[in-house]
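Okay, structure first, notes after.
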Amino acid sequence: MRLPGTLPRLFGSLLLVAAAGIAGIGAGAAPADLTPTVPPLGQVVPAPASVQAGGAPYTLTPSTRIRVDGHSPEARRIGTYLAGLLRPSTGYALPVTDDHLPGGIQLRLRPSEQGLGDEGYRLQSSRGSVTLTARRPAGLFRAVQTLRQLLPASVEKDTRQKGPWKIAGGTITDTPRYGYRGAMLDVSRHFFTVGQVKRYIDQLALYKINKLHLHLSDDQGWRIAIDSLPRLATYGGSTQVGGGPGGYYTKKDYKEILGYAASRYLEVVPEIDMPGHTNAALASYAELNCSGIAPPLYTGTDVGFSSLCVPKAVTYDFVDDVVRELAALTPGRYLHIGGDEAHSTSHADYVAFMDKAQAAVGKYGKTVVGWHQLTGASPVAGAVAQYWGLDDTSDAEKAQVAKAAQNGTKLILSPADRVYLDMKYTKDTPLGLDWAGLVEVDRSYDWDPGAYLPGVPASVVAGVEAPLWSETISTSDHIEFMAFPRVLGVAELGWSPASTHDWEQYRVRLAAQGPRMAALGIDYYRSPKVPWPTG
Ligand code: NGO
């Protein structure tokens with residue numbers, strides 16, 4: 001049933017009770033609001049590729065065990081993670097075992113299941129057991145996220161809740177559409193602590209996001225310790241937009257983020273934005289400036305005013321030091337070098353600089369990612385361009401991106417008027433910017449990455465990413481209000497087959513995530529376009 005999100009709470013729950021009565025559910029039974037709703041098998045975000053509902057549901061009981069393949073420490077770790085999710089709300093012990101007995105929740109790795117790929121899984125639910133099968137641990141982890149969403153939303157709470165804890169019967173077989181399903185957090189304009197980043201990682205993992213792009217440097221702050229250039233972090237990281245204290249990640253902090261992300265099967269994509277967006281670096285080391293004079297630290301929100309000094313040799317010592325140390329720290333394959341809004345760099349200098357920066361990334365064994373302005377220079381073989389244009393970006397600029405794509409440059413799609421999570425939802429949204437327009441929940445979901453840019457072969461689209469720039473964002477509540485629920489739409493565009501794409505059906509599945517997000521303490525934007533339950 002659909003209710004406008006603006007209905008007052010009481011009126012909404014009266015309607016729900018009335019509806020339950022009409023459907024014959026409420027008559028003579030306990031009040032409807034005391035029994036948690038069992039989600040139907042397909043009511044998952046992102047939509048699974050294949051859902052065959054049927055058969056009796058599985059019910060978790062105080063004696064349920066989580067059974068993992070004994071030979072895989074990763075399967076055991078994922079089983080322990082699942083137990084950790086379910087124990088507080090169910091109050092059950094949920095021991096993790098490798099006793100090879102039937103029944104309970106089974107986590108199985110089957111490397112021979114080629115069709116499941118790197119992240120796919122099968123979930124089979126029946127009266128006797130729930131079995132999760134994957135080819136790789138990442139697939140088991142994604143399966144666990146589906147399993148969570150098949151339990152009542154109250155399972156997400158961290159105190160004991162009333163059951164029963166049922167999982168609808170049937171089989172889900174699921175693999176992702178794209179291998180790159182990202183979210184970006186700008187930790188430069190405002191700094192976010194390791195704990196805040198971990199919290200966001202956990203929230204993204206629930207929706208099968210698999211990349212965390214960290215925007216680690218910009219005019220307002222340098223956020224990663226570089227041993228050979230210590231002032232970048234200690235001085236360049238000492239403030240932020242509005243003049244607060246800023247901060248930076250020590251190498252130990254950064255490794256902690258990497259490890260946490262890896263435990264949720266997210267790959268971290270670090271970004272050092274160059275040659276523009278570099279005031280924090282220019283302020284830290286005077287020799288990086290063509291003038292030899294360091295500018296003051298910057299706490300405003302203008303863009304396009306800073307540039308590394310392209311002709312100076314010391315610039316490339318800086319690039320080498322930074323890329324070398326960051327590449328050595330980062331196990332993931334990508335290193336993002338920015339390249340956007342280099343308005344203070346001449347075109348010839350921009351091309352010359354990007355050639356050298358890309359070479360440094362290659363030298364240290366990483367794959368180049370750059371904002372799509374990179375396609376106006378000479379992208380190296382294997383480079384990935386991140387498109388952040390708008391519907392009304394000029395045809396010439398789109399054609400330049402398409403030409404690079406035809407020549408093999410892969411694309412990550414982050415159209416700003418669709419998936420920039422820092423854009424206001426409506427003119428009344430208290431946070432965010434509006435230079436790319438207002439982006440309501442339907443707008444961020446309702447487009448097709450495979451057919452978005454004219455002339456771009458679908459095969460070069462690596463995936464999608466939702467950036468959250470932080471000029472106006474300074475707390476976890478801010479992150480969550482702007483990201484949720486739009487990031488779910490981006491997660492679904494990245495994961496679900498195009499054949500499942502349908503706003504009318506999506507908004508109903510999304511609505512069912514409302515109580516789950518609320519149970520997780522996420523104060524999401526209650527878009528009136530989504531029929532949130534009001535009970
Ligand atoms: C632009 C700009 C960023 C801003 C952001 C704000 C890109 C790639 N460069 O996106 O510096 O923070 O908009 O929405």
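The values are calculated or read from the model by the stated rules, or taken from the named source; none is laboratory data. The shown structure was predicted, so the numbers you read here are calculated from the model rather than taken from an experiment. All Cβ positions, glycine included, derive from the backbone under ideal geometry; neighbour counts span all protein chains shown. We work out accessible area using only protein heavy atoms, side chains counted, and drop any ligands, DNA or RNA first. Shrake-Rupley method; radii C 1.70, N 1.55, O 1.52, S 1.80 Å.
Which is over 24 Å from P531 (Cα atoms), of a type in the set (A, V, I, L, M, F, W, C) and more than 11 Å from the ligand (Cβ to nearest atom), of L413, L433?
Checking each option against the conditions leaves just L413.
Return a yes/no flag: does region 491-510 have any residue that is charged (D, E, K, R) and closer than 24 Å to H215 by Cβ.
yes
Could we say that L288 is over 23 Å from the mean Cα position of the chain (by Cα), surrounded by fewer than 24 Cβ atoms within 10 Å (Cβ to Cβ), more than 16 Å from the ligand (Cβ to nearest atom) and not polar (S, T, N, Q) here?
Yes.
Within region 425-446, how many residues turn out to be part of a helix (DSSP H, G or I) and among the small types (G, A, S)?
So the count comes out to 1.
Which number in (1) farther than 24 Å from K410 by Cα; (2) away from the ligand (no atom under 16 Å from the Cβ); (3) open to solvent by 20 Å² or more (accessible area, probe 1.4 Å); (4) touching a Lys or Arg at 6+ places or on another chain (Cβ under 9 Å) marks the one condition that R333 misses?
The number of the failed condition is (1).
Criterion first (within 14 Å of the ligand (Cβ to nearest atom) and either over 31 Å from the mean Cα position of the chain (by Cα) or not charged (D, E, K, R) (or both)) does A280 satisfy it?
yes
Considering only region 80-102, state which residues are part of a strand (DSSP E or B) and among the hydroxyl-bearing types (S, T, Y).
Residue satisfying the conditions is T97 alone.
Residue-by-condition table, conditions (1) touching a Leu at 6+ places or on another chain (Cβ under 8 Å); (2) assigned to a helix (DSSP H, G or I):
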| position | (1), (2) |
| --- | --- |
| G304 | no, no |
| C309 | yes, no |
| T315 | yes, yes |
| F318 | yes, yes |
| V322 | yes, yes |
| A327 | yes, yes |
| S344 | no, no |
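Taking D340 and the conditions (1) surrounded by 20 or more Cβ atoms within 10 Å (Cβ to Cβ); (2) more than 15 Å from L214 (Cβ to Cβ); (3) within 16 Å of the ligand (Cβ to nearest atom), which numbered condition does it fall short on, given that it satisfies the others?
Evaluating D340 over (1) surrounded by 20 or more Cβ atoms within 10 Å (Cβ to Cβ); (2) more than 15 Å from L214 (Cβ to Cβ); (3) within 16 Å of the ligand (Cβ to nearest atom) leaves (1) as the failure.
Quick check on V314: is it surrounded by 14 or more Cβ atoms within 10 Å (Cβ to Cβ) and of a type in the set (V, I, T)?
no
Name, by its number, the condition in (1) more than 18 Å from the chain's Cα centre (by Cα); (2) under 29 Å from Q505 (Cβ atoms); (3) away from the ligand (no atom under 16 Å from the Cβ) that does not hold for K424.
(3)
Output the number of the condition that G389 fails; it satisfies all remaining conditions of (1) within 15 Å of L308 (Cβ to Cβ); (2) at pLDDT 95 or above; (3) not in a helix (DSSP H, G or I).
(1)
So that you can scan it fast, the table gives a plain yes or no per residue for (1) open to solvent by 70 Å² or more (accessible area, probe 1.4 Å); (2) under 20 Å from H71 (Cα atoms):
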| residue | (1), (2) |
| --- | --- |
| L82 | no, yes |
| L86 | no, no |
| T90 | no, no |
| P95 | no, yes |
| D99 | no, yes |
| P102 | yes, yes |
| I105 | no, yes |
| S112 | yes, yes |
| E119 | no, yes |
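Among the residues of region 447-466, are any of a type in the set (G, A, S), under 30 Å from T239 (Cβ atoms) and in a helix (DSSP H, G or I)?
no
For region 402-461: of the residues being among the polar types (S, T, N, Q) and open to solvent by 50 Å² or more (accessible area, probe 1.4 Å), which is nearest to Y178 (Cα to Cα)?
Residue satisfying both the conditions and the ranking: S459.
Could you check region 447-471 and list, in sequence order, the residues that are among the hydroxyl-bearing types (S, T, Y) and within 12 Å of the ligand (Cβ to nearest atom)?
S470
Only residues that are of a type in the set (A, V, I, L, M), within 15 Å of the ligand (Cβ to nearest atom) and open to solvent by less than 20 Å² (accessible area, probe 1.4 Å): list them for region 373-394, please.
Of everything in region 373-394, those that are of a type in the set (A, V, I, L, M), within 15 Å of the ligand (Cβ to nearest atom) and open to solvent by less than 20 Å² (accessible area, probe 1.4 Å) turn out to be L374, V384, A385.
Find all pairs meeting these conditions: Cβ atoms under 9 angstrom apart; at least six residues apart or on different chains; first residue within region 317-343 and farther than 29 Å from E397 by Cα and of a type in the set (S, T, Y); second residue away from the ligand (no atom under 16 Å from the Cβ) and open to solvent by less than 10 Å² (accessible area, probe 1.4 Å).
T330/Y254; T330/V268
Taking G370 as meeting all but one of (1) in a strand (DSSP E or B); (2) away from the ligand (no atom under 12 Å from the Cβ); (3) more than 23 Å from R486 (Cβ to Cβ), write down the number of the exception.
Among (1) in a strand (DSSP E or B); (2) away from the ligand (no atom under 12 Å from the Cβ); (3) more than 23 Å from R486 (Cβ to Cβ), the lone unmet condition for G370 is (2).
Output yes when any residue across region 72-79 is assigned to a helix (DSSP H, G or I), hydroxyl-bearing (S, T, Y) and in contact with a strand residue (DSSP E or B) (Cβ under 7 Å, 6 or more places away or on another chain), and no when none is.
Within region 72-79, not a single residue is assigned to a helix (DSSP H, G or I), hydroxyl-bearing (S, T, Y) and in contact with a strand residue (DSSP E or B) (Cβ under 7 Å, 6 or more places away or on another chain).
Would you check which residues across region 225-240 are open to solvent by less than 30 Å² (accessible area, probe 1.4 Å) and more than 12 Å from A280 (Cα to Cα) and list them?
Hits for region 225-240 are A225, I226, L229.
If A233 satisfies every condition in (1) in a helix (DSSP H, G or I); (2) over 17 Å from the mean Cα position of the chain (by Cα); (3) touching a residue at least 24 places away in the same chain (Cβ under 8 Å) but one, which is the exception?
So the condition that A233 fails would be (3).
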